[in-house]
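All remarks here apply to the structure that follows.
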Amino acid sequence: MPKAPTDYQTRYPIDFGDIDPAIQQTVVQLYGADGAKSRGILYMPSNHTPRTAVIMAHPRGDFFQHYSIPYWIEAGFAAFAQNTRYLNNDSMMLHENLLIDLAAGIRFLREERGFEHIVMLGNSGGGSLFAYYDAEARKPKGSRVAAPPGGGPPDLNSFELPVADGFIVLAAHLGQGKVLMGSLDPAVVDEHDPFASDTALDMYDERNGFKSPPAESRYDREWLRIYRASQRARVTRIDAIARCHVEEARNARAASRMDGFAAHPAEYRNYIQRRMMAPRIMVVYRTLANPNYHDLTLEPSERVLGSIFAARPDLFNYHAFGLGHLVTPEAWLSTWSGLSSYAYMERNLPLVTIPTLVVGANADQDIFISDVRAEFELSGASDKRLEFIEGADHFMRAGGTKTKNDPRPRLMKVLTEWTRERFTP
């Protein structure tokens, strides 16, 4: 078997790199109840048939080689890494469609492979995804989400959503929309021009307290209050733009269904039909502007300057890569809006009552200690536990100001022991 390059874990921090070739690996083609495809890899011990499987997924990330997998197998569990229909491309992502993908994965594990227990591992963006899934799965049909925030399908009341038995919330944010709202640059005054800026709201302006790294910035608390309110106001503005675009497409569909449409001139019919098919593509500029990145007195922790997305957020805030940069209006409302999306912890975690383990990384640069504590408090489970891993960054690698040794063995001891206490491997 080919060996991973020596810098593999630096380049792909979520992956395990090499794995024991004796571990059984089965690639699984999944079909959602709506016909959409997703894929998974089922990892099994070579000398044992587990009774419990751990399923892991991320809205858009590749979890096929998630770093936890070898540890789960060594502990006697099966691990199922699922990649969704939106792998590496969230420009059209509807979180409601993701729930249909997860249902296909859980159904496969329960019905086709016969696992007695299924534990959901919600790492990073997978945390709010699985919380949304479980919250909807436990509602009776008729009371689930009937349409995404932008309208249209899917109606979750039309689908079977099999439930799992346990939930691990690992270094997970409060929702993709919530984490983006916290890092959205409120200084942008024109959504069509990334350089049109209100300097009074620019966290990267030295007049507002910014210092270029490696120096640490200091932001006035009253200025921060205005900054956070302005971030919310920008989300409101983008939501309004998205809903306007959605309404345009909806009006075109309505026009195409009107009596006498076929009698209109071809030029008009073509315009309406093309307008139905061609969604507006929204560009959302400057999405890496959380003051916590540069002022470590905010949300005190073991973290160092920067973000998990860039060591220099002040520069990468203008980069082509970024959260939610290129999206359809429907995808913005369903996934990236901190005001319109349904996929956020405050809405869903109180409805998740299965045994729940919440774990944070003390040196995480984007999911902060208060986020993790809030998730624990929000959990509706009577059997719930909170843990923090010292000296660990977001990817559970050694990092931060109190680096000791590789945190992953310490993390996985917590995860596997908690799971074994509740579910037989």
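Bear in mind these aren't lab numbers, they're just calculated from the coordinates by the rules spelled out. These numbers come from a predicted model, not from an experiment. Note that each Cβ is placed from the backbone with ideal geometry, even for glycine, and that neighbours are counted across all protein chains shown.
One table, with the values for the structure above:
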{"quantity": "For segment 180-329, size of Cβ-based charge dipole, Lys and Arg +1, Asp and Glu -1, in debye", "calculated": "640"}
{"quantity": "Segment 180-329: proportion of alpha-carbon pairs further apart than 24 angstrom, %", "calculated": "44"}
{"quantity": "Among (i) 22.5, 75; (ii) 22.7, 70; (iii) 20.8, 69, the entry derived from the coordinates for Rg and Dmax of the Cα atoms in Å", "calculated": "(i)"}
{"quantity": "5 angstrom amide H check on residue 123, placed H, neighbours 5+ away", "calculated": "57, 170"}
{"quantity": "Sequence ranges 398-406, 60-68, ranked by mean other-Cβ count within 10 angstrom, highest first", "calculated": "60-68, 398-406"}
{"quantity": "Helix-only [θ]222 nm of the chain, DSSP H runs n ≥ 4, -39500 (n - 2.57) each, per residue, nearest 500", "calculated": "-9000 deg cm²/dmol"}
{"quantity": "Residues 143, 124, 337 arranged by fewest to most Cβ contacts within 10 Å", "calculated": "143, 124, 337"}
{"quantity": "Range in the chain, longest, excluding exposed GluC sites (Glu not before Pro) [loop by DSSP; at most 15 other beta-carbon atoms within 10 Å]", "calculated": "217-389"}
{"quantity": "Amide H partners (placed H, <5 Å) of residue 39, local residues excluded", "calculated": "30, 83"}
{"quantity": "Neighbour-count ranking [beta-carbon atoms within 10 angstrom, fewest first] of 86, 219, 8", "calculated": "8, 219, 86"}
{"quantity": "Rounded to 5, percent antiparallel among DSSP beta bridges of the chain", "calculated": "40"}
{"quantity": "Inter-part distance where segment 67-86 and segment 192-251 are each reduced to a Cα centre, Å", "calculated": "38"}
{"quantity": "Proximal lysines to residue 141, defined as alpha-carbon separation beneath 29 angstrom and excluding residues fewer than eight positions away on the same chain", "calculated": "37, 178, 384"}
{"quantity": "HN-Hα J in Hz across segment 23-39 - Karplus 6.51, -1.76, 1.60, θ = phi - 60°, x for Gly and Pro", "calculated": "5, 6, 10, 10, 7, 10, 8, 10, 10, x, 5, 9, x, 6, 9, 9, 9"}
{"quantity": "Relative exposure of 336, 223, 418, judged by other C-beta atoms within 10 Å (fewest first)", "calculated": "223, 418, 336"}
